[in-house]
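Contents: one structure, followed by commentary.
The values are calculated or read from the model by the stated rules, or taken from the named source; none is laboratory data. Model, not experiment: these values are computed from the prediction. Positions of Cβ are backbone-derived with ideal geometry, glycine not excepted, and every protein chain shown enters the neighbour counts. Ligands, DNA and RNA are stripped out before the accessible areas are found, and what is left, the full protein with its side chains, is counted by its heavy atoms. Shrake-Rupley method; radii C 1.70, N 1.55, O 1.52, S 1.80 Å.
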Amino acid sequence: MVAIKKDSDKWKRAIKIAVEYAAKKGWTVKFHTKPDSIAIPSSKTILINNRHPTRVKYYVLLHELGHAMDLDSLLYVSPSEMHGPRYNTLVYRVERVKEEFDAWERGQSIAIKNGWIMDDYFYVVRAKFISSYMIWANNRKHPYGKRKHTNNIDSSDRGDSGGRSGDISSLSSNEDIRSDRSNEDNIIGQKTEK
C-alpha cells in the first residue's frame with residue numbers, strides 16, 4: 001500500500017512541475033470532468049480531463065503542452081488553415097492525425113529536455129490516443145461534431161467516446177505494455193459501430 005502511495009505522489013509531483021512550466025510559458029492549466037483535454041489558444045488555457053488516473057493525466061498534460069508550444073509558435077499553421085475547413089477530406093484528416101502525433105512528440109521532448117519523469121507507459125498512452133484519432137480519420141467525421149463511434153480498443157481499454165484527444169478516460173496505469181502491442185492489429189483493423 002505504501003509503494004502505491006509513493007508512486008501516486010511521484011506522478012502528482014510531475015503534474016505540478018508541468019503545470020508550473022505551463023505557467024512560465026503563459027498558459028493556465030485547469031482540470032475538469034469533461035472527456036476532452038485540449039489547449040485553447042484564445043485564453044491560453046489547457047483543460048485536462050481529471051477522471052484519468054494520475055499518471056495518464058501527466059502524459060496527457062505533456063501532450064497538451066506540445067500543442068500549446070505549437071500554438072505559440074509564429075511558424076505554426078493548423079490543418080484547417082492549411083487545407084480549409086474540409087473536415088471530410090483525406091488530406092485534412094491525415095494532417096490532423098499528424099498534428100496529434102507531433103504534439104505527443106513535442107510533449108515528450110519537453111519532458112526529456114527538462115529532465116522530467118518518463119517511462120514506457122508514455123508509449124501505451126500515446127498509442128491509445130493516436131489510435132482513436134486514426135479511427136476518427138477512417139470514419140470521416142469531424143472530431144468536434146456528433147460522434148459516430150466509440151473507440152474500438154478492446155473492452156478492457158475502452159474509453160467513454162471516440163475521436164478526440166482526451167477521450168480515453170479508462171486507461172489503467174497498471175496495464176501491461178506487451179498485451180497492448182499484441183492488440184495493435186485489432187485496434188486499427190476493426191470496423192466501428194454506431
Study note, to complete from the structure: Quick calc, Asn138 & Arg13: beta-carbon distance into FRET formula, R0 35 Å, rounding 0.05, result 0.35
Study note, to complete from the structure: Rounded to one decimal in nm, the spacing of the 7 Å Cα→Cβ label points at Lys113 and Ile38 is 2.6 nm
**Study point:** Area accessible to solvent at Arg93, 1.4 Å probe radius, in Å²
**Key:** 10 Å²
Practice item. Could you sort out which of Lys24/Lys113; Lys10/Lys44; Lys6/Lys98; Lys34/Lys113; Lys16/Lys98; Lys25/Lys113 sit more than 25 Å apart by Cα distance in this structure? Key: Lys10/Lys44; Lys6/Lys98; Lys34/Lys113; Lys16/Lys98
Check your understanding: What figure in square angstrom, to the nearest 10, would you give for the accessible area of Asp120 with a 1.4 Å probe?
Key -> 90 Å²
